[in-house]
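Asks: Mind looking over this structure? Questions follow.
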Amino acid sequence: MDQHHLNYKNLIQLIPALHEITGPVRLVALGYGDVHVDVIKRNRHRLVLRMSHYLERRDGTAIPDPDMTLEVYSVAETVSALTYCDCFGSRRVFCPELMAISPLAKAELNNFLRQWLTKLIAEGRQLPVGEIS
């Protein structure tokens, strides 16, 4: 199973009703901060999501770290990372200035996504009852 299919399998394990969500949802686990999942765009075959884990700063404000944009293709059962941002900077797969995809960024971001989804599953993350909107 390639990484894109594995990421899809892991995301479905975390959000079984992934193709039914229309608004924001949270992945929760006792002792961990929530991971927020927002639907950015949806059409018949493609779903674009934003997944964010917020860290609280000393001044009480929260920053997303990490924050990723993902695209989900339901028919192909794949998930790919599009962007990544944390407190140190950001990366994106597509560079609009060059009108090109960076294979290195794509590989690295999808590898991080696989690790993050695996970690969220290991932490016991799940949707709170009644969270699907």
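Asks: Taking amide H atoms as placed 1.01 Å from N in the peptide plane, list the residues 5 or more away in sequence, or in a different chain, whose amide H sits under 5 Å from that of TYR54.
Replies: Placed amide hydrogens put HIS36, ASP65 under 5 Å from TYR54.
Asks: Per DSSP H run of n ≥ 4, the term is -39500 (n - 2.57); total these for the chain, divide by its residue number, and report the mean residue ellipticity at 222 nm rounded to 500 deg cm²/dmol.
Replies: So the helix-based figure for the chain works out to -8000 deg cm²/dmol.
Asks: Let me ask something additional. Cut-off 10 angstrom, C-alpha nodes, Gaussian network model of the chain. Which of GLY89, GLY23, GLY33 fluctuates the most?
Replies: GLY89
Asks: Now a separate question. Could you please state how large a percent of the accessible area of the chain is carbon and sulfur, counting protein chains only and using a 1.4 Å probe?
Replies: Here carbon and sulfur together make up 57 percent of the probe-accessible area.
Asks: Return the sequence-ordered ³J(HN,Hα) values of segment 65-76 in whole Hz as given by the Karplus equation 6.51 cos²θ - 1.76 cosθ + 1.60 applied to θ = phi - 60°, using x for Gly and Pro.
Replies: Residue by residue, segment 65-76 yields 7, x, 9, 10, 9, 10, 10, 10, 10, 5, 5, 7 Hz.
Asks: Follow-up question, since we're still on this one. Stretch CYS87-SER102 to full length: gain in nm at 0.36 nm per residue minus the Cα-Cα span?
Replies: 3.2 nm
Asks: Still on this structure, please answer the following. Which of the chymotrypsin sites (Phe, Trp or Tyr not before Pro) across segment 82-133 are loop residues per DSSP, with 12 or fewer other Cβ within 10 Å?
Replies: The qualifying sites are PHE88.
Asks: Treating the beta-carbon of each Lys and Arg as +1 and of each Asp and Glu as -1, no other charges, what is the dipole magnitude of the chain about its Cα centre, to the nearest 20 debye?
Replies: Once rounded to the nearest 20, the dipole reads 220 debye.
Asks: Tell me the trypsin sites (Lys or Arg not before Pro) within segment 51-133 that lie in a loop according to DSSP and have at most 15 other beta-carbon atoms within 10 Å.
Replies: Taking segment 51-133 and a limit of 15 other Cβ atoms within 10 Å, the loop trypsin sites (Lys or Arg not before Pro) found are ARG57, ARG58.
Asks: Quick one: accessible area per residue over the chain, 1.4 Å probe, rounded to a whole number of Å²?
Replies: Using a 1.4 Å probe on heavy atoms only, each residue of the chain averages 58 Å².
Asks: Provide ILE40, ILE15 ordered by accessible surface of protein heavy atoms (probe 1.4 Å), highest first.
Replies: Ranking ILE40, ILE15 by accessible area, largest first, yields ILE40, ILE15.
Asks: Let me ask something else. In segment 1-79, what chymotrypsin sites (Phe, Trp or Tyr not before Pro) fall in a loop by DSSP, with at most 14 other Cβ atoms inside 10 Å?
Replies: Counting only loop positions with at most 14 other Cβ atoms within 10 Å, the chymotrypsin sites (Phe, Trp or Tyr not before Pro) in segment 1-79 are TYR32.
Asks: Can I ask one more? Per the Debye formula with a single identical scatterer at each Cα and no solvent contribution, what log10 I(q)/I(0) holds for the chain at q = 0.11, 0.14, 0.16 Å⁻¹?
Replies: After summing over all Cα pairs, the log10 values are -0.38, -0.63, -0.83.
Asks: With each label point set 7 Å from Cα along the Cα-Cβ vector, what nm distance links TYR32 and ALA122?
Replies: 1.0
Asks: Next question, about the same structure. Positive end of the dipole of the chain, charges at C-beta (+1 Lys, Arg; -1 Asp, Glu), about the Cα centre: which of CYS95, PRO24, CYS85 has its Cα farthest in that direction?
Replies: Among CYS95, PRO24, CYS85, the one farthest towards the positive end of the dipole of the chain is CYS95.
The values are calculated or read from the model by the stated rules, or taken from the named source; none is laboratory data. All values reported here derive from a predicted model rather than from experimental measurement. Cβ atoms come from the backbone with ideal geometry, glycine included; neighbour counts cover every protein chain shown. We work out accessible area using only protein heavy atoms, side chains counted, and drop any ligands, DNA or RNA first. Shrake-Rupley method; radii C 1.70, N 1.55, O 1.52, S 1.80 Å.
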